[in-house]
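Okay, structure first, notes after.
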Amino acid sequence: MPDTLVTAERSIPDQIAEYDAIVIGAGISGMFMLYRLRELGMTARVFEMGTDIGGTWYWNRYPGARFDSESWTYGYSFSKELMQEWDWKEHFSPQPDTLEYLNYVADKFDLRRDMQFSSAVTAAHWDDAANQWTVTLESGEQAKSRFLMTAIGILSAHTLPAIPGRDSFKGPAYHPARWPKQKVDFAGKRVGIIGTGATAIQAIPEIARECAHLTVFQRRPNWAAPLHNAKIGKEEMEQIKSRYDEIYAFCASTPMWFIHQPDPRKTLEVAPEEREAYWEKLYAEPGFGIWLGNFRDIGTDEAAAAAISEFIARKIRQRVRDPKVAEKLIPKDHPFASRRVPLESGYFETYNRNNVTLVDTLRDEPIERITPEGVKTTKRDYAFDILIYATGFDGVTGAFDRIDIRGKDGLRLKDAWAENPRTYLGMLAEGFPNMLMVLGPHTARGNIPQAIEHSVQFQTGILRFMQGRGYTRVETRPEQVEDWTQTVIRAGEKLLSSKVDSWQTGVNRNVEGRQIRRVLGYNGNGIHFRKLTDEVASGGYKEFSFR
Ligand code: NAP
């Protein structure tokens with residue numbers, strides 16, 4: 001199948017173009033960054049690997065892909081007009097609707113005229129004497145700019161499983177993050193899927209409904225809770241629109257900028273019957289409430305985490321008919337909420353279907369290899385027509401590693417961050433002048449679009465400050481980098497999630513050198529992060545060094 005996601009004919013211009021800023025990526029981050037750069041009167045070029053805008057929502061077209069945050073908290077808030085014009089159709093927007101929304105934004109603000117598609121950036125080198133970045137595309141084309149904005153996402157470097165024979169399968173094999181534009185026809189097909197993360201948990205029920213037989217290869221199960229999606233009627237949407245200021249202000253007042261506020265009580269201080277009733281209520285409600293609106297210590301206290309895990313395990317046992325299958329689906333190696341909780345729509349009931357088989361590759365039958373026909377485990381050969389590698393991403397730093405980024409004195413970003421990223425606020429990296437990162441490592445994330453807007457606002461605030469004073473270079477200060485790096489490390493110390501392997505702790509066994517846990521995000525309170533960035537801005541950005 002031709003890769004229609006990246007391919008388009010383009011010729012290389014004779015001259016090297018120069019811009020004030022180059023933005024890498026035309027997803028939610030790159031689109032908003034371009035909008036703000038234009039407001040500053042800067043010339044900008046966005047280079048995007050795909051054939052169009054959308055980033056995550058461009059690439060992840062797999063069946064079942066959708067927001068698992070409330071749509072009306074997950075769009076842009078910078079334009080009140082846009083907010084009033086756009087009607088979300090579902091509480092948790094499916095990927096096609098989200099892509100339509102982003103296209104609407106790109107059209108409304110005429111963003112495409114400064115964007116170049118099918119243009120993967122392979123290198124970005126800082127020239128200290130010229131005070132300039134030189135960016136190289138896969139085609140060999142080059143461009144120069146004073147500023148480099150990375151808007152490359154935290155989950156964009158997808159990874160295929162390091163399983164022998166992986167490329168020998170003779171049927172079509174897909175990774176969800178490279179799902180083709182053409183509809184994949186599962187009717188009458190034997191399908192195998194490897195991986196049971198948030199992506200697979202969304203895709204499995206959809207594929208099972210269509211295919212002849214689905215075999216799920218699960219290495220380690222994940223905790224998951226119901227999404228409870230629903231359509232949004234016209235009246236409800238009007239009501240949401242009238243409350244947008246209140247909704248966004250509320251999100252900004254929560255630790256992770258979602259619409260869910262943690263319950264200030266501690267789990268074991270609440271009487272068991274009351275606790276149970278509260279969890280029943282949360283389990284029956286839409287969205288992340290069961291995770292982010294739960295008692296405040298479920299992510300830090302082992303006994304609290306064990307109690308909520310037992311509650312969720314009971315739900316799985318109730319929903320899955322075969323007790324042996326249910327036990328396989330219950331994680332035993334990490335508690336609920338210590339990895340990012342996937343939200344599901346009928347995931348557990350899917351295992352009650354007679355066209356679905358769960359293979360436990362950790363305890364029962366490890367995968368030995370991929371064969372031309374399918375998958376060979378230690379116990380048998382499975383034959384498939386279609387294989388799906390839902391095996392995740394090299395999170396946060398992976399997308400940086402795939403670009404040869406070099407800063408002062410030729411310092412390679414990949415080397416500088418080999419053990420741990422070193423940044424100030426996750427926005428500027430030490431040794432890389434004029435490189436501003438949206439969703440860089442060590443920044444606060446939580447609700448991603450809101451984190452993006454906050455980052456872009458802060459960074460374009462720096463640029464405005466520089467314009468006003470004639471500065472052309474911004475860098476980190478060593479003492480601020482050290483201080484921020486330690487703050488980030490300390491903020492994660494008490495979290496149970498820091499003790500668990502996941503993309504969030506930088507572990508990906510399919511990638512060489514990614515077996516050791518790292519701290520990749522600021523896991524402190526988002527309210528404090530906003531306050532800190534506001535103080536840095538109002539104090540005249542003294543924490544940065546300008547020239
Ligand atoms: P993931 O959570 O990292 O899951 C990858 C899965 O593949 C895991 O089950 C992993 O097993 C398995 N795997 C990897 N390599 C394997 C191998 N060689 N052999 C066997 N199994 C292997 O990735 P994801 O599901 O793509 O989700 C990543 C993140 O994307 C989520 O946490 C979430 O933040 C985001 N996401 C968001 C949405 C949404 O907003 N709606 C939807 C999907 C994803 P092990 O656990 O044993 O390593």
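Rounded to the nearest 10 degrees, what's the angle between the helix 526-538 long axis and the longest principal axis of the chain, both from Cα atoms, 0 to 90? It works out to around 0 degrees.
Here the peptides 271-283, 37-49 are ranked by packing, the mean other Cβ count within 10 Å, and the order with the highest first is 37-49, 271-283.
Angle check, please: helix 95-108 long axis (alpha carbons) against the longest principal axis of the chain (alpha carbons), in degrees 0 to 90, nearest 10. The two axes meet at around 20 degrees. With protein chains left intact and a 1.4 Å probe, residues in segment 166-389 average 44 Å² of accessible area per residue.
Counting only DSSP beta bridges whose two residues both lie in segment 166-389, roughly 25 percent are antiparallel. Convex hull of alpha carbon positions in the chain: directionally averaged projected area 25.1 nm². In a solvent-free Debye calculation with one equal scatterer on each Cα, what is log10 I(q)/I(0) for segment 166-389 at q = 0.08 Å⁻¹, listed in the order of the q values? Per q value, in the given order, log10 I(q)/I(0) is -0.36. Scaled against 2.2 N^0.38 Å for its residue count N, the alpha carbon radius of gyration of segment 1-87 is 1.33. Max-minus-min Cα coordinates of segment 272-398 on each principal axis give 53, 41, 25 Å, with the largest extent listed first. Label zone (Asp3, point 7 Å along Cα-to-C-beta; backbone nitrogen cut-off 20 Å) within segment 125-146: 136-142. Summary value for the chain: 19 percent relative contact order, contacts being C-alpha pairs under 8 angstrom separated by 6+ residues. Pairs of Cα atoms nearer than 8 Å and 6+ residues apart set the relative contact order; for segment 185-273 it is 22 percent.
Cβ-Cβ distance of Ile516 and Gln261, R₀ of 35 Å, FRET efficiency by 1/(1 + (r/R0)^6): the value works out to about 0.55.
Only protein atoms count toward the accessible area here, which uses a 1.4 Å probe; on the chain, the carbon and sulfur part of that area reaches 50 percent. Entry note, segment 244-345: relative contact order of 22 percent, from Cα contacts under 8 Å with a spacing of 6+ residues. Per-residue packing, averaged as other Cβ atoms within 10 Å, sorts the ranges 204-217, 52-65 into the order 52-65, 204-217, beginning with the highest.
Note on the chain: helix-only mean residue ellipticity at 222 nm, from DSSP H runs of 4+ residues weighted -39500 (n - 2.57) and normalised by residue number, equals -9500 deg cm²/dmol.
The values are calculated or read from the model by the stated rules, or taken from the named source; none is laboratory data. Every value quoted in this text rests on a predicted model; they were computed, and no experiment measured them. For neighbour counting, all protein chains shown are included, and Cβ atoms are generated from backbone atoms with ideal geometry for every residue, glycine included. Accessible surface is based on the protein model in full, side chains and every heavy atom, while ligands, DNA and RNA are left aside. Shrake-Rupley method; radii C 1.70, N 1.55, O 1.52, S 1.80 Å.
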